[in-house]
Structure formats: structure tokens, C-alpha cells
Amino acid sequence: MSTANQNLAARSYQKQFRELLQAVFRTQAYFRDFFGGEIEALDGVQHNETAFYVKTSDIPVVVGTEYDKDPNTAFGTGTSNSNRFGPRTEIIYQDTPVPYTWEWVYHEGIDRHTVNNDFQAAVADRLDLQAQAKIKKFNSQHSKFISSIAAKTETLADYSADNVLALFNELSKYYINIQAIGNKVANVNADLYNAIVDHPLMTTGKHSTANIDENNVVRFKGFTINEVPDELLQDGEVAYVYITGIGKAFTGINTARTIESEDFDGVALQGAGKAGEFILDDNKKAVVKVTGGSGE
């Protein structure tokens, strides 16, 4: 899309569109908890391949087995050439560039003679609807991203009660063994969601946090269960399981504007931007995807 305006009047809406994107993301992005509930949106960005830099360190935390109390460590013959804390590890943070990986665009026209609405109200309405449309694109991209970086894959043969229980027992054991800290979430398709709702463990006698009348599950085997549309899971996949807040979603808005048109009595509503996702390599092991579930 050309950015030249042939000296026609243009009005920028980058700040407003950024705020709309952020607001809609908080309510309509299915995987927002993966990214800490927010999207980082920057307006006025130029043609830059790098979104931002993060400080990372590939040096793990080293925990000593015990404090050294030897009389010749740091004292006696060890004075000035030893210490009781053990070897010292230098922590160096590296600047890691995070690139944009995909783009979005919109291009509409509002004619004063045919819009049949207050002109400025129409602009505001279309910006809001475009923000919602972009969040649908974000949902699709975020699904692909989570699937692509999952460090572990589990298979669910079918939606029987025994297999569903076995799956979540295995998931629970996995997260304990990797010593994952945080809220565990399972975003599941409709069939798995219903199988969990109808599971024998989901009863008030078991102190379940499920409301069967509302068909709404809050917790199952230590996991928060969220139902997502089947189309937001990649082919052959039925669930994404992760610790919340381990990734980052971002977008840069190159332009969001109205420009007077030479072709009709009105304005062209135009927008373009870039976006992407980021997760530390160490955090990928806290992401699991579940495949299968084809039978009953």
C-alpha cells in the first residue's frame, strides 16, 4: 500500500488504534494469558525489522550444597585466596533482538454521500471493528506460535473418562518434575472440554470447581480449563497447556489514518503494521500440546 498522499489532507489515528487494539486484546484474545494478558503496541514505528530488545542470560542459577566452614577456607592458609561461598559465577545479560514476523493491513473507503451515518462516528466505528478483526488474526497467529514452540507433545487416544484422567495425571506429573512455578492453564477444544465437564471427578462430592448447569469448568487436576474454538487449534491438536505469562506478544503500527480520496467524496481508511511473538528458550519446556482425541 502506497504511503504517498499526493498532498491530500490526512489525519492520523495511530494512538487511537493502538488503544483500541490493546483494549480488544484484553477481552477477545483467546491466548492472552500466555502473553501475560497484554499486548505491547507501539505507534509511529518506521520500517524496522526489530521490534525490541530483551535482556536475557543463559547462565542458570547455581545453588551451592552447603556453606564451607573449613578453618582454612577464607581464614588461616586460605586467607585472601579462597571463600566459603564456593566458586563465583559471573552473570552477564545479553541484548537479544526480537523481530517482527508477520504483517497486517486494512484499506476501506467512507463516502459522505453513501455512508448513511455521522461521518466521524463511521470512522470511529470502523476503527473499532478493524481492531476486532486484527485480534482475530492475532488469535490465529498465536495458536501457530504456541504449537510451534511447544517442547512436549502428549497424545490423547479418545475422550473417554479414563484417557482424559490419564492425560491430566501425566501433565500434572510433568509440570511437577520440571519444577514449573505459576498458574497452569489448559486451552482445550469443545470435545475435550465437554469430556472434562462430564468427568466423574467433576462432582460437588469431590469438591470440584465446576458449574455443570453453566457448563463451565474452572479447575481440573490443578489446571484452569478454557474452551477455545476448534479452528484456533492446529490440525490434529486438541489442547495447549502452559504456565501463564511466559511469552510476549507485540505489534508495531506503521500507519492508521484517513486520507481524502481523489476518487470519491470521502476518505480512505488505511492501516498497516507488523507483529510477532517471543518466548525465552528456557520457558518453552513449560508449553505442551496435545494431539489426537479423534474417537470416543
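Between Q94 and A133, the C-beta separation translates, for a Förster distance of 51 Å, into a calculated FRET efficiency of about 0.85.
Does region 72-211 come out rounded, prolate or oblate, given a ≥ b ≥ c as the square roots of the eigenvalues of its C-alpha gyration tensor, rounded meaning a/c under 1.5 and, failing that, prolate meaning a/b above b/c? Here region 72-211 falls in the oblate category. Our estimate of slack between K69 and A151, defined as 0.36 nm per intervening residue step minus the Cα-Cα distance, is 25.4 nm. Shown for region 129-178: the carbon plus sulfur share of the solvent-accessible area, taken with all protein chains present and a 1.4 angstrom probe, equals 48%. The A124 and D281 beta-carbon pair, evaluated with R₀ = 51 Å, returns a calculated FRET efficiency of approximately 0.75. Cβ-Cβ distance of T27 and N169, R₀ of 30 Å, FRET efficiency by 1/(1 + (r/R0)^6): the value works out to about 0.35. Distances between placed amide hydrogens fall under 5 Å for G293 paired with L156, A157, D158, all partners being 5 or more residues away or on another chain. Placing dummy labels 7 Å off each Cα toward the beta-carbon, the span from A190 to E49 is 4.3 nm.
Modelled spin labels at E38 and E103, positioned 7 Å past Cα toward Cβ, are 2.9 nm from each other. Treating only the Cα positions of region 76-141 as identical point scatterers, give the base-10 log of I(q)/I(0) from the Debye formula at each q in 0.18, 0.20, 0.27 Å⁻¹. Each listed q corresponds, in turn, to -0.87, -0.94, -1.18.
Once both labels are positioned 7 Å from their Cα atoms along Cα-to-Cβ, the gap between I178 and D111 label points is 5.5 nm. Spatially, region 92-122 and region 221-247 are offset by 28 Å when compared through their Cα centroids.
The values are calculated or read from the model by the stated rules, or taken from the named source; none is laboratory data. Computed from a predicted structure; not experimentally measured. Cβ coordinates were reconstructed from backbone atoms using ideal geometry, including for glycine residues, and neighbour counts include every protein chain displayed. Accessible surface areas use protein heavy atoms only, side chains included; no ligands, DNA or RNA. Shrake-Rupley method; radii C 1.70, N 1.55, O 1.52, S 1.80 Å.
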